[in-house]
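The values are calculated or read from the model by the stated rules, or taken from the named source; none is laboratory data. None of these values were measured; they are calculated from a predicted model. Cβ sites come from the backbone with ideal geometry, for glycine too, and all protein chains shown count toward neighbours. Each accessible area value is taken on the protein alone, full model and side chains, heavy atoms only, with ligands, DNA and RNA left out. Shrake-Rupley method; radii C 1.70, N 1.55, O 1.52, S 1.80 Å.
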Amino acid sequence: MASPKKYPSSSDYAEALQNTGSCFRDKDLRGGDVQTTPLGMPRAISGNFASVFSVVGGNGKRYAVKCFTRHVPDQQVRYEAVSAGLADLNTSWQIGFDYQQSGILVRGSWYPILKMEWIEASGLIPWLERNLEQSGAIADLALDFADMVNDLQDAGLAHGDLQHGNLIVDRAGRLRLIDYDGMFSKSLIEHGAAEMGHINYQSPLRTMNDYDDKLDDFSAWLIYVSLLLLIEDPGLWTEFHAEGEEKLLFGREDFEDRQVLSALAGMPQFSTALAALETCWSARALSFVPEFEPAGLPSPDEILTGGGYDPLPSARTVQDPPAIPTGRPQQVRPVTFSGGLGSSRLCLALAVLGLLAMPVAVLLPVVGIPVVALSLLAAVAIAVPAYRAQPELADRQRAAYALQSAREERFAAAERLRTGRPSPHRAPPAAATPAGGTPGASREQIEIERVTAQAQEEKAQVTQALAELQQTEAGRLREALEAVQEAHVVQQLKPLVITRSILWGIHPRITRHMAQVGIVTAADIGSVTVGPAAGKRKVGLIVDRRGQRYLIDGLDGAGVQALKAWHRGEVNKAMKTAPSTLPPEDVEAIRKAAEQERQQLKAQQAQLLRRISIETRAIKKRQQAEQLRMRHAGGGARRPPAPPRQPEKTARQIAQEELEAAEQAERRAAQVLDSYSGIRLDRFLLR
Ligand SMILES: Nc1ncnc2c1ncn2[C@@H]1O[C@H](COP(=O)(O)OP(=O)(O)O)[C@@H](O)[C@H]1O
Ligand SMILES: [Mg+2]
C-alpha cells in the first residue's frame, strides 16, 4: 500500500488511466474506455480532493471513477458506514457506489477508488442558468431538494457538504446528490469529520470538531431559500450571482454583513424564509442554527401559482430602472491604443540607436556590436510586455470570443430551423399529448414564445449592450483625452493674434479683414482651404472650430498655404505641451458612469427575466385552468379548439426569426472585432 501522506495528482491518475488494462483491479473497469480530451488524454473532472473519470466498462456500462488526491483517514470504514446507512433508503437522489481500497495502480502503488454509476447530468449552477425562466422546473427541483434533506434527516445521516458542485440534475430533471466523502453517520462519530464543506455554504462557526446529524441545516436552509426566491423572481440571479461565482445567491460575505436580507425585505411572502436565513447567519453558536424544516415556508407550488398573494405586480418593491437606449449606433469606431505611448517612444529610440550604431559596429566591433545588440534587445524586451499589457488586447480577445459564440449561436439557430427542434433557451418540449387531444402544451409553448418575444428580444439587446459597454468605456476615455488636449491647444493659440503675427504672403489688409469677421487669433481657425472661386479671383475659406464658414476675399492660394502652415505649426507646438493622459479624477468619473450604466443594464436584465417569468407563469396558469375547465365539461377532447384570437406564430416562423436575430448578432460581433484591426505591435510602436 502507498504511504498515506502523498497521494497522486490529477495528472498522475490521468497518466495511469491511459492503460486501463493494467491500472484497474475491477473486472468491469479493466480494459475499459476512458473519456478523453481532444488531445487524447483521459479527461479528469477535478473537484477539491479528487478527480473523476468517465469509463465505459467491458460490459458496456458507463462508470464514474473517483480517484482521491489526498489521504482521508479511515476512508474505507467511512464509505462502508455510508453505504450501510443509505442502503435502507430507497431514494431517487442516491448514487450507487463501490469503494475499492486497492482500486488503481499508479507508479507501482495501489490507491483507493470509488466506482460509481455514471450520471448524465448538469451541475446545479449551469442547470439554473439554463432554466431561470422555467419556474416550474425550479419548483420541482426545490421539492426534490427538501425531500432529499428530509430523507437524510430521517435516516440520521448528514451529507456534510451540500453545495452546487455536489448537486447535479439528471436528464429527467431529477436532483441527484454526489460526493459522500464527508458524510455523517452515527456509527462514525468516533472517527470525526473528514472535511469542513464549501465555505460559501457553511456557517463561519463550523470547525472540524463539529460532526453530528445537524451538519446540513445551515446549507440546506441556504440552498432551499435560494431556490424558492428564484421561483418567484429569477431576476435575483442576475442581481446576486456574478458570472463564475462559487455560490447560488448568497455566500460567506453575505452571512457576515447580512445586507442582502434587508435588500430582500420587500418580499413579504418570504419573511419566514428570510427570517430563517437571518437566524442561521446571526447564530452565536452552531447549535442555534434551526433544524431544516421547510413546512413553515410557502411551498414551491404555492409560490409558483401565487397562492395567497398576487405575484403579478412583482411583490418585491423594485423600481423599474430608467430605460436605457439599447439600440447602439451602427457604426463601430476603430479602436486605437489608449496607453503605453512612453514605452513605444522608448522602444523606437532604442531601435534607432541600434540602427545608428550599425556602421560603428563595422568599424569598431568591440564597442559597436554590444551597443547594437543591447539596444535592439532592450527594445524587444520593453516592447513585447508593454504591448501585451495594453487593455485593448484583452478587449480584442473578448471581441473574438463574442464573435465565436455568436457564430455558434447562428449555426445552432440554422440547425434548429432545419430540424424543427425548439430552442434550448426556451421551455422544454411539450409533453406528449393524448392521441387526438388538443396539443395544449405546444399551443402553450407557442403562446409563451409569442408573448415573451419582445421581452426576449430586449433581453438580447441588453446583454449585447452589456458586452459592448467595455468598448464604449474605452471610447469615452479616448474622447475625453482628446477634449482635454484640444482645450490645452486652444489656450495656447488664443494669445496668437493674427494681425500681430508676420505671415509672409498675406497682406495686412487681409488679416484686418479677417479680424473684422471674427477670425482674430490662431484659436479661431479650425481649417483653411481655397474656397469656391468668386469670378476670376480665388477666395480663401476659413472654418472656425465651431464649424462656422468664412469666405475671405483676397486670400489667394499662396495666402491660404501661408496661413495653413502657420496655423499647423502653432498647433503642433501646442500639442507638444498638451497632457498625454487624462487627470485621474476624469478617468474615475468615466469609469463610475460606465459602472452605473452597467448596474442599470443588469437591473434591466433582471427586470426582463422577471417579466418573462411572470408572463410565462400567467400563461401556464391560464392554460391549466382552461384544460381543467374542458375536462370538467366532459368533452374536452371532442370540443373543437377555440380559434386563436390573434394569429399565432408557427414554430418555424419563430425559428426563422431566431436565425435572423443570430445572423444580425454575428454581423455586429464581426464589426466589433473588425474595429480592433489596428491593435497590432507595429501600430503600437509607430504611433
Ligand atoms: N457519479 C457521477 N456521475 C457523473 N459525474 C460525476 C459523478 N460523480 C462525480 N461527478 C462529477 O465530478 C465532479 C467532482 O466529483 P466529487 O465527488 O464532487 O469530487 P470532490 O470530492 O473532489 O468534490 C462533480 O462535480 C461531478 O461533475
Ligand atoms: Mg464535490
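Which of the numbered conditions does Lys214 fail, given that it passes all the others? Conditions: (1) open to solvent by less than 50 Å² (accessible area, probe 1.4 Å); (2) at pLDDT 95 or above; (3) not aromatic (Phe, Trp, Tyr).
Going through the list (1) open to solvent by less than 50 Å² (accessible area, probe 1.4 Å); (2) at pLDDT 95 or above; (3) not aromatic (Phe, Trp, Tyr), Lys214 breaks only (1).
Just name the residue that is modelled with the lowest pLDDT out of those in the range 283-328 that are part of a helix (DSSP H, G or I) and surrounded by fewer than 18 Cβ atoms within 10 Å (Cβ to Cβ).
For the range 283-328, the residue satisfying everything is Thr305.
Residues being more than 16 Å from ligand 2 (Cβ to nearest atom) and not in a strand (DSSP E or B): count how many of those fall in the range 22-50.
17
Counting just the residues of the range 51-67 that are in contact (Cβ under 8 Å) with a residue 12 or more places away in the chain and outside any strand (DSSP E or B), which one comes out nearest to ligand 1 (Cβ to nearest atom)?
Lys61
Just to be sure I understand, how many residues within the range 480-526 are among the small types (Gly, Ala, Ser), surrounded by fewer than 14 Cβ atoms within 10 Å (Cβ to Cβ) and in contact with a strand residue (DSSP E or B) (Cβ under 8 Å, 6 or more places away or on another chain)?
The total comes to 1.
Could you list, in sequence order, the residues of the range 473-509 that are of a type in the set (S, T, N, Q) and at pLDDT 85 or above?
Scanning the range 473-509 gives Gln485, Gln491, Gln492, Thr499.
In the range 133-165, how many residues are closer than 20 Å to Trp237 by Cα, open to solvent by less than 10 Å² (accessible area, probe 1.4 Å) and not aromatic (Phe, Trp, Tyr)?
Of the residues in the range 133-165, 6 are closer than 20 Å to Trp237 by Cα, open to solvent by less than 10 Å² (accessible area, probe 1.4 Å) and not aromatic (Phe, Trp, Tyr).
For the range 109-134, which residues satisfy the criterion of being more than 23 Å from Gln35 (Cβ to Cβ) and part of a loop (DSSP other than H, G, I, E, B)?
Leu132, Glu133, Gln134
Looking only at residues in the range 663-687 that are among the basic types (Lys, Arg) and in a loop (DSSP other than H, G, I, E, B), which one is least open to solvent (accessible area, probe 1.4 Å)?
Arg687
Give me the residue from the range 100-131 that is more than 16 Å from ligand 2 (Cβ to nearest atom), touching a strand residue (DSSP E or B) at 6+ places or on another chain (Cβ under 6 Å) and touching a residue at least 60 places away in the same chain (Cβ under 8 Å) and, out of that set, most open to solvent (accessible area, probe 1.4 Å).
This residue is Trp110.
Run down Leu124, Leu177, Leu162, Leu114 and say which single residue is in contact with a Ser or Thr (Cβ under 6 Å, 6 or more places away or on another chain) and within 12 Å of ligand 1 (Cβ to nearest atom).
The match here is Leu162.
When only residues in the range 433-464 that are open to solvent by 60 Å² or more (accessible area, probe 1.4 Å) and basic (Lys, Arg) count, which is modelled with the highest pLDDT?
Filtering the range 433-464 for residues that are open to solvent by 60 Å² or more (accessible area, probe 1.4 Å) and basic (Lys, Arg), the one modelled with the highest pLDDT comes out as Arg450.
What number of residues within the range 547-565 satisfy the criterion of being open to solvent by less than 40 Å² (accessible area, probe 1.4 Å) and either part of a strand (DSSP E or B) or closer than 23 Å to Pro495 by Cβ (or both)?
Number satisfying all stated conditions: 5.
Report yes if some residue within the range 68-84 is on the phi < 0 side of the Ramachandran plot, touching a strand residue (DSSP E or B) at 6+ places or on another chain (Cβ under 8 Å), touching a residue at least 12 places away in the same chain (Cβ under 8 Å) and of a type in the set (Gly, Ala, Ser); otherwise report no.
yes
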